[in-house]
Amino acid sequence: MSITKNILLIDDNTDLRSVISVNLESQGYNIIQAGDGAEALNKLDQEKWYCIVCDLMMPHITGMMFLKIIRERGLKIPVIFITGLNNIIEKEEAFKLGAQAFITKPFENNELYQKLIDAESYNKIVNRSENEIELDDYYCKVHIDEFVMGKKILFPVFLKLSSSKFIKIAHSGEDLDQTKIDNIKKHGVEYFYLENSDYHNYLKRNISVARSLLSFREIKDEKKRDFFISISKNIVEYEFQREINPETMAMSLFAIHNTLIFVSAKKDFFKALQALHEFSATVVEHSLLVSLLASAIALQSEEFNNKTVLSVSLAALFHDFGLKELPKGLADKSLNKMSTEEIQLFKSHPQLGSQLMASIKKIPEVIPQAILHHHEHSDGSGYPFGIGRIKIHPIARILAVADHLASTWSLPENKDESFKAILLLIKDKQEILDKDYIKFALELTTNSDPLLKTKF
């Protein structure tokens, strides 16, 4: 037996109310009409309401006043406002009071139908206790100053009120220009939030834009650099923020931010990063993740201070710089599919990268040295020289652990694995990777699994 979906429709415009009522009844909804807020309040106890559709601007009791009254009564009925205005500040206030959505006149019937379909999810959420709801894992944040979307946004945008309450302030296809964003900032808002699936697509879109942006001579370098810093920070935070302990995560992101500022301020370094990005955006993404992990491991070890962590982060960012010098397509092959000659060429990339980076004026000597050694193994089985642990530069030993972590996670068979699972996979690599830095890597996670805490 189907459940009756009662909708309270409130509007002082009789003609509009009648048209909306007919359209919604054709979709199977049961419509109860009210000509103003006072009449609507008298009808609240008559039915169990699926949703309230309400005009915002009404005489005597406005839509906003009506919303405040029903929330003060403890009613959690979803409310959809119809308005002739597009006031982002008023929307924010209404959303904070628990409004579900806004529709701006004139609107298509399908737009209202979709909002009513969304009310189903809203009802499921608001009718559960806050202790049962934990929505943080469903959203990713973007700093409001780094939000890049264009005038017409491609994904719904949310604000966070608490870990169990996120409000939608803009829908896909809606106009969210810089003026509106600035108005939101005036109210102390620091972050926008996107749903996880949308955030992943947001990053892919921005990476694509960045690739084009970096090649446009007409755009000032400062703008290119700022944009690249923004998407780089977003990528690393998206990948690892949920499983590295928060304090280390924050310090690691700070280290990467400083590294990118340093790179952006140095013409030769920025050109090198630009060249690597033009060669492969995927390699840059991987390098950013290695940079995050290497910085976190270095900080966990307490052998490095903020200044020396910069060298770790910088070496990690350019550790695969030599790949761009290899024959086209070789870097994309797995070792087991390469010929003997191709393997030899591939194993030369640490040397190539080290030589290229050493040619940059005033580069710290540890950077090319760490790049040169990052594929060497503690047992002497690595390349290009086959040296043992004692001769491997300490930063290179950190890079090796971080590189192995990031590479293992990127394998197709591991794409759905947790950070904890990947850590367990490298735990048995003590013969080839530095056991001390493996230990510090295992301590990164927020997970308290005793398997991760086993002494060496």
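The values are calculated or read from the model by the stated rules, or taken from the named source; none is laboratory data. These numbers were taken from a predicted model, which means no experiment stands behind them. Using ideal geometry, Cβ is built from the backbone for each residue, glycine included, and neighbour counts are taken over all protein chains shown.
Which one is surrounded by the most Cβ atoms within 10 Å (Cβ to Cβ) among residues in the stretch 174-197 that are within 14 Å of Val157 (Cα to Cα) and hydroxyl-bearing (Ser, Thr, Tyr)? Step by step, filter the stretch 174-197, then rank; the result is Tyr193. Taking helices (runs of 4 or more DSSP H) as the structural unit, those lying wholly within the stretch 356-456 and holding at least 2 residues that are closer than 23 Å to Val263 by Cβ and either outside the structural domain of Ala272 (by TED's automatic domain parsing) or modelled with pLDDT under 90 (or both) correspond to 394-410. Please determine whether any residue of the stretch 380-388 is buried (at least 23 other Cβ atoms within 10 Å of the Cβ) and among the small types (Gly, Ala, Ser). No, there is no match, as no residue in the stretch 380-388 is buried (at least 23 other Cβ atoms within 10 Å of the Cβ) and among the small types (Gly, Ala, Ser).
Any residue that is on the phi < 0 side of the Ramachandran plot, basic (Lys, Arg) and out of contact with any Gly (no Cβ under 9 Å at 6 or more places or on another chain) - is there at least one of those in the stretch 53-72? Looking through the stretch 53-72, at least one residue is on the phi < 0 side of the Ramachandran plot, basic (Lys, Arg) and out of contact with any Gly (no Cβ under 9 Å at 6 or more places or on another chain).
Do you know which residues across the stretch 253-271 are modelled with pLDDT of 75 or more, crowded, with 16+ Cβ neighbours inside 10 Å and in a helix (DSSP H, G or I)? Show your work before the answer.
Within the stretch 253-271, the subset modelled with pLDDT of 75 or more is 255-256, 258-271.
Applying the additional criterion that residues be crowded, with 16+ Cβ neighbours inside 10 Å yields 255-256, 258-260, 263-264, 266, 269-270.
Matches in the stretch 253-271: Ala255, Ile256, Asn258, Thr259, Leu260, Val263, Ser264, Phe269, Phe270.
The number of residues in the stretch 50-69 that are surrounded by fewer than 19 Cβ atoms within 10 Å (Cβ to Cβ) and not in a helix (DSSP H, G or I) comes to 5.
Residues in the stretch 10-33: is at least one among the small types (Gly, Ala, Ser), in the same structural domain as Phe81 (by TED's automatic domain parsing), crowded, with 17+ Cβ neighbours inside 10 Å and at pLDDT 90 or above? Taking every residue of the stretch 10-33 in turn, at least one turns out to be among the small types (Gly, Ala, Ser), in the same structural domain as Phe81 (by TED's automatic domain parsing), crowded, with 17+ Cβ neighbours inside 10 Å and at pLDDT 90 or above.
On the given criteria, is Ala298 out of contact with any Ser or Thr (no Cβ under 7 Å at 6 or more places or on another chain), in contact (Cβ under 8 Å) with a residue 60 or more places away in the chain and within 17 Å of His374 (Cα to Cα)? Against the criterion (out of contact with any Ser or Thr (no Cβ under 7 Å at 6 or more places or on another chain), in contact (Cβ under 8 Å) with a residue 60 or more places away in the chain and within 17 Å of His374 (Cα to Cα)), Ala298 qualifies.
Being closer than 14 Å to Ile256 by Cβ and free of Cβ contacts under 8 Å to residues at least 60 places away in the same chain: is that true of Leu335 here? Reasoning before the result, please.
On the way: closer than 14 Å to Ile256 by Cβ: no; free of Cβ contacts under 8 Å to residues at least 60 places away in the same chain: yes.
No; evaluated as a whole, the condition is false for this residue.
When you go through Glu303, Glu278 one by one, which is the residue that is touching a Pro at 6+ places or on another chain (Cβ under 8 Å), touching a residue at least 24 places away in the same chain (Cβ under 8 Å), surrounded by fewer than 20 Cβ atoms within 10 Å (Cβ to Cβ) and not basic (Lys, Arg)?
Values: Glu278 fails: touching a Pro at 6+ places or on another chain (Cβ under 8 Å).
Going through Glu303, Glu278 in turn, the sole match is Glu303.
From the list Leu289, Leu276, the lone residue that is modelled with pLDDT of 85 or more and either under 23 Å from Gly353 (Cα atoms) or in a helix (DSSP H, G or I) (or both) is Leu276. In the stretch 105-119 there is no residue that is at pLDDT below 70 and in contact with a helix residue (DSSP H, G or I) (Cβ under 9 Å, 6 or more places away or on another chain).
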